Structure formats: structure tokens, C-alpha cells
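Read the structure below first, then the notes.
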Amino acid sequence: MGFEGERSTAAAVVCAGVAIPDEPPNSLACPANSHYELCTRSCDFTCAGLFSPAQCTAKCFEGCQCEAGYAFNGETCTSMEGCGCVRDGRYIKAGESIISSACSEKCTCQASGGLVCEPHSCPNKEICALQDGVRGCVKQEGWCTLLPGAQLTSFDGASGGDLHSGAYELASLCNDSAPSWFRVVVDVRACSDGAVMAGTTAYIFFQDAFITVKRNKETWVNGRPVPLPAKISDAVSVYESQGGVAVVQASGMMVLFSPSEEVTVRVSESLANKLCAPCGNFNGDVSDDLRLPSGGVAGNITEVINAWKARDFSGCDV
């Protein structure tokens, strides 16, 4: 292991076995459990090298080297007992898990305990695929639902509600210059005395169209009423589905407005980590669904929804 610095003539001489007196003090700040050396090699003293010794060259460089009894695990110098495992020629750090190519097996590296493998399978509605370069189970589709009573459940499972009357942005493609950009806004209100808050009208924006769907299935495109089904463009169509109205975009996004005043935004796995607004980013991590437009973190999802209130639908300054 070595943290490379500039190789010097002095380093070359030391490697040749000739001592140089009065060498200047260490010029590098070395991490814990390592020390400065004029001549070290990056393939020496690594955890991976314990299992499959590397063919080191005679060349060396000025840098940091792990102390005796420690080895480099790819990030730090750890004790030999803290080194990981090797599976099919791949080094796995202690505590790290890997999934087989078909997601049929999950293996976890235990420090000093070897590799422990067990059968594995993907849950319903998830598929085995690469995400950010890591093999694992990913959702084939994400569902974000606004129920009567103004209760929202995000793509990744955060939930909450208790909203006031108003128009709220639920989901959008973060990149507003992309050809497949969309934005979903829902007007929430109680339409009669004693009624619960619910979605009454859905507004879906695209780069080349603006679609309005009411709970009674009346549908407008760019301000004009249209009969269903309607093909809006090569990428967008509207039709009746499950007793309600579905607005579908070829990018993998669908908005379904049901007769029960339930609004569902469905997205495909291809849109994971590309989404904004209270429905979340669809990355499988519920912990970051409380992110505000400002970048801060809210205490609950109701705060997030309120922060995404659609200001272009407000009659007053907010």
C-alpha cells in the first residue's frame, strides 16, 4: 500500500540499498496506522494481496506505508483481522455484501469470519438490475398516491397529509429542459360541507401540452375540451382506465385520476433519481424524501408538500 508522492532520486538510491544520511523530515501527512517512507510500493501490504499476491515491480515511490500488522483495504490501513474477503477474484470489504448476477444469492463478508452466503430473491414488483453500477433488486415501477383526506404516500414509502385547500405540485422531472419533462399539480379541496379534502383536478404539464383532468373525467388539452381517447403527441396520450382517466407519457410516467378522487403517479425504473417534488426521487431510500426545495430537511412529509405548493395557481402572493 502506498500514498504516492513525487518520486525522488533519493528514493531511488534508498531502494537500491544505499542509505542517505540526514534525510529531511517526513513531507507527507500519513493517515492512521501508517507512516512515511521514501520507497514504498502500492501493491505491498494490501488486504487483497493477502488472498492473491500481486506481481509487484521493483519500482517504488515516496509515500505512506501501513504499519506492521496492518494492511490497506482500499480506504484505510486496517488490522489483518479487519481485512475482507475475495469472491471470484473480487475483493470485498468487511461488512460489505454482494449480490449474484441473477440476484439469487447474497454474500456478506464478515471480518475474520469469511464470506457468508444465503439464498436471495427480489420482492414483488422489483427486478434484478444494475443501479449506479451496483447489482441488486430495484423497483420496476414507483407509485405515489394522493388519497382522499389528502394523504400522500411517496414513491419510496414516506407518508403523511392533512393539507389545506390549494394546488400542490406532486411530481416533476427535475431537468426542466429535457424533452420528456413533465410536472404534475393537483388541486386539493373539500367540495361540500362535511366532505374530506381530496384531489378535484389534476394538471399535467409537458413541453408541448397542458392537460387538465377533473374528477368527473372531463378532460382539456391546451384549454380545449377533448373526447377520450386522445393522442396528444407521439409521446403523450390520454384514455379512460379503471373507471378514471389515465395520462401517459412514453418516458415511463403515468397519472391516473380515479373516480374515488385518488390520484396516482406511476413511474418506471428509468426515472429513478431524476424526480423532484413531494412524491420523492424514487431511489429506494425513504430517508431522503423529506428534502425541501431549498435543500433543507423537513420534520414530516406534510411540510414538504406545503413547501411545494404551486405558486402559479395561487391568487395571492405566498
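The values are calculated or read from the model by the stated rules, or taken from the named source; none is laboratory data. Worth saying up front: this structure is predicted, and the values here are computed from it rather than measured. Cβ placement follows ideal geometry from the backbone for every residue including glycine, while neighbour counts extend to all protein chains displayed. All accessible areas refer to the heavy atoms of the entire protein, side chains included, with ligands and DNA or RNA removed. Shrake-Rupley method; radii C 1.70, N 1.55, O 1.52, S 1.80 Å.
Sequence-distant contacts, meaning Cα pairs under 8 Å at least 6 residues apart, place the relative contact order of the stretch 57-207 at 11 percent. Look at the alpha carbon pairs under 8 Å that are at least 6 residues apart: their mean separation over the length of the stretch 208-318 gives a relative contact order of 12 percent. Loop-located trypsin sites (Lys or Arg not before Pro) in the stretch 92-153 (DSSP state not H, G, I, E or B) with no more than 15 neighbouring Cβ atoms inside 10 Å: Lys125. Given a 1.4 Å probe and the protein chains as shown, Leu50 ends up with an accessible area of around 90 Å². A 1.4 Å probe run over the stretch 177-281, with the rest of the protein chains in place, finds 44 Å² accessible per residue. Protein-only accessible surface at a 1.4 angstrom probe places the residues Met253, Met80 in the order Met80, Met253, largest first. Assuming a ≥ b ≥ c are the square roots of the Cα gyration tensor eigenvalues, decide whether the stretch 62-207 counts as rounded (a/c under 1.5), prolate (otherwise, with a/b larger than b/c) or oblate. Here the stretch 62-207 falls in the prolate category. For Trp308, the solvent-accessible surface with a 1.4 Å probe is about 50 Å², rounded to the nearest 10. In a DSSP loop and with at most 15 other Cβ atoms within 10 Å, the GluC sites (Glu not before Pro) in the stretch 128-230 are Glu218. Listed by chain and number, the lysines whose alpha-carbon sits under 30 Å from that of Lys59, ignoring those within fewer than 8 places in the same chain, are Lys93.
In whole angstrom, how far apart do the alpha carbon centroids of the stretch 259-306 and the stretch 225-247 sit? For the stretch 259-306 versus the stretch 225-247, the Cα centre distance is 25 Å. Accessible area per residue (1.4 Å probe, heavy atoms of protein chains only) ranks Glu96, Glu81 as Glu81, Glu96, with the largest value leading.
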